[in-house]
Amino acid sequence: MKKVLIYVPVVLSLVVLGAHFMRYDSSAGVVGSIVLIALLFVRQPWVARLVQTALILGALEWLWTLFELIQVRTALGQPFIRMAVILGSVAAVTFISALLFQSSTLKKFYKLDSRD
């Protein structure tokens, strides 16, 4: 059960990232998110590192989007604090999801040794 629960933030982060890409009409981003979710079933070290890297890049994408939206809202004189808190939280959860691959549960599942 613990193994299943540890995937919840990872899958949720990838789904939300896929929705973000869909919003911006990036078919490659949507397909990439779906492929990464499917790859979670493959018990190989490279899968863990690929998904982990994608999640870190996803967190950076959220931060970049946050920066851009703050610029737009500031220029238009619109409030941005609530949006900043929400997108900052999404970025944080995405980054924490990447860190879950350092847990003993996922290290064991993906056969990651101490060198990885």
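A few remarks follow.
- Scanning region 29-58 for residues that are of a type in the set (G, A, S) and closer than 23 Å to T105 by Cβ turns up S33, A38, A48, A54, G58.
- Residue that is nearest to Y110 (Cα to Cα) [pool: residues in region 1-28 that are in contact with a helix residue (DSSP H, G or I) (Cβ under 7 Å, 6 or more places away or on another chain) and at pLDDT below 95]: K3
- Residues that are part of a helix (DSSP H, G or I), more than 22 Å from I96 (Cβ to Cβ) and polar (S, T, N, Q), drawn from region 18-56: S27
- Residues of region 1-43 classified as touching a residue at least 24 places away in the same chain (Cβ under 8 Å) and either surrounded by 14 or more Cβ atoms within 10 Å (Cβ to Cβ) or among the aliphatic types (A, V, I, L, M) (or both), total: 13
- The residue list E61, E68 contains one member that is under 20 Å from L14 (Cα atoms) and acidic (D, E), which is E61.
- Residue under evaluation S97, criteria (1) in contact (Cβ under 8 Å) with a residue 60 or more places away in the chain; (2) touching a Phe, Trp or Tyr at 6+ places or on another chain (Cβ under 7 Å); (3) among the polar types (S, T, N, Q); (4) over 19 Å from Y24 (Cβ atoms), criterion not met: (2)
- Some residue of region 60-80 being among the hydroxyl-bearing types (S, T, Y), at negative phi and touching a Leu at 6+ places or on another chain (Cβ under 7 Å): yes
The values are calculated or read from the model by the stated rules, or taken from the named source; none is laboratory data. As the structure is a prediction and not an experimental result, all values here were calculated from the model. All Cβ positions, even for glycine, are placed from backbone atoms using ideal geometry, and neighbour counts span all protein chains on display.
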